[in-house]
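> After the C-alpha cells below, expect a handful of questions from me.
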Amino acid sequence: MSESRAVLSQIRGLAESLEKRFAASRRVLSFAEYLELCATDPARYARDASRYVRDVFDHFGTTRVKHPWGEFTRWKLFDLPWEEAQGGSPRGALVGQEHVQEEIYRSLSNFVREGRPNRLVLLHGPNGSAKSTIVGCIMRAVEHYSTLDDGALYRFN
C-alpha cells in the first residue's frame, strides 16, 4: 500500500509541474488573448512564412568568417547552437557555404520586401555539395525557434 501511495504522490507531483509549465508557456490562448498579443506587436504575430524564416535567421545572428578568397557573413543557425556537440560541431552542422547562406538570406529578404513569396529557392549542385544539409539546418532551426517565445506559432481550433 505504501508503494502505491508513493507512486500516486509522484504522479500528482508530475501532473502539477506539467500543469504549471503549460500555463506559463501560454501555448493555448483564447481568441481575445491572441488579439491582445497582436495589438502589442502586429509584425510579430501576423507575419507570413518568408518573414518568419528570415526572423529565424536574424534570431540566431551572424558572424564574419575570413577565408583566403574573402570575408563572408555566416549565419549561426547553421552551427546548430542549441544542440550539444560531441567534441566539435553538432552532427549535421553546415561547414562552409557562406556564399550560399548569403544568397538564401537575400532571397528571403526580397520575399519580405515584396510582401509575398512569389518564387521558389532552388538549390542545385553535384552530390555532396551540402544541399540537404542546408535545408536540414534551416528546418531544425525553425523547429527550435518555434519552441521559443519569439517564435511561438498560433493556430485556431
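The values are calculated or read from the model by the stated rules, or taken from the named source; none is laboratory data. It should be emphasised that the depicted structure is a prediction, and the values quoted were computed from it without experimental measurement. No Cβ is skipped: glycine too gets one built from the backbone with ideal geometry, and neighbour counts run over all protein chains shown. Calculation scope for accessible area: heavy atoms of the full protein, side chains included, ligands and nucleic acids excluded. Shrake-Rupley method; radii C 1.70, N 1.55, O 1.52, S 1.80 Å.
> With the requirement that a residue be of a type outside the set (Lys, Arg), in contact with a helix residue (DSSP H, G or I) (Cβ under 8 Å, 6 or more places away or on another chain) and either over 16 Å from residue 108 (Cα atoms) or not in a loop (DSSP other than H, G, I, E, B) (or both), what does region 53-66 give you? Lay out the reasoning, then the answer.
Start the filter on region 53-66 by keeping residues that are of a type outside the set (Lys, Arg), which leaves 53, 55-63, 65.
Imposing the further condition that a residue be in contact with a helix residue (DSSP H, G or I) (Cβ under 8 Å, 6 or more places away or on another chain) reduces the set to 53, 55-57, 59-63, 65.
Selection gives 53, 55, 56, 57, 59, 60, 62, 63, 65.
> Let me ask something else about it. Taking the criterion of being open to solvent by less than 80 Å² (accessible area, probe 1.4 Å), assigned to a helix (DSSP H, G or I) and modelled with pLDDT under 85, would at least one residue in region 109-119 satisfy it?
Checked region 109-119: no residue is open to solvent by less than 80 Å² (accessible area, probe 1.4 Å), assigned to a helix (DSSP H, G or I) and modelled with pLDDT under 85.
> Now, a different point. Test each condition in (1) open to solvent by 70 Å² or more (accessible area, probe 1.4 Å); (2) at pLDDT below 85; (3) assigned to a loop (DSSP other than H, G, I, E, B) for residue 127 and report the one that comes out false.
For residue 127, the failing item is (2).
> In region 67-83, how many residues are hydrophobic (A, V, I, L, M, F, W, C) and not in a loop (DSSP other than H, G, I, E, B)? Let's see the steps before the verdict.
Going through region 67-83, the residues hydrophobic (A, V, I, L, M, F, W, C) turn out to be 69, 72, 75, 77-78, 80, 82.
Right, trim to not in a loop (DSSP other than H, G, I, E, B) and you get 72, 75, 77-78.
Of the residues in region 67-83, 4 are hydrophobic (A, V, I, L, M, F, W, C) and not in a loop (DSSP other than H, G, I, E, B).
> Would you tally the residues in region 58-78 being open to solvent by less than 60 Å² (accessible area, probe 1.4 Å) and either β-branched (Val, Ile, Thr) or under 17 Å from residue 148 (Cα atoms) (or both)?
Initially, region 58-78 is screened for residues open to solvent by less than 60 Å² (accessible area, probe 1.4 Å), giving 60-61, 63, 65, 67, 70, 72-75, 77-78.
Filter once more, so that each one left must be either β-branched (Val, Ile, Thr) or under 17 Å from residue 148 (Cα atoms) (or both): 60-61, 63, 65, 73, 77.
So the count comes out to 6.
> Moving on. Can you work out which of the residues in region 7-57 that are of a type in the set (Phe, Trp, Tyr) and modelled with pLDDT under 75 is most open to solvent (accessible area, probe 1.4 Å)? Quick ask: steps written out before the conclusion?
We begin by selecting, within region 7-57, every residue of a type in the set (Phe, Trp, Tyr); these are 22, 31, 34, 45, 52, 57.
If we keep only those that are modelled with pLDDT under 75 as well, we get 22, 45.
Working: 22: 118, 45: 34 Å².
Per the stated criteria, the residue is 22.
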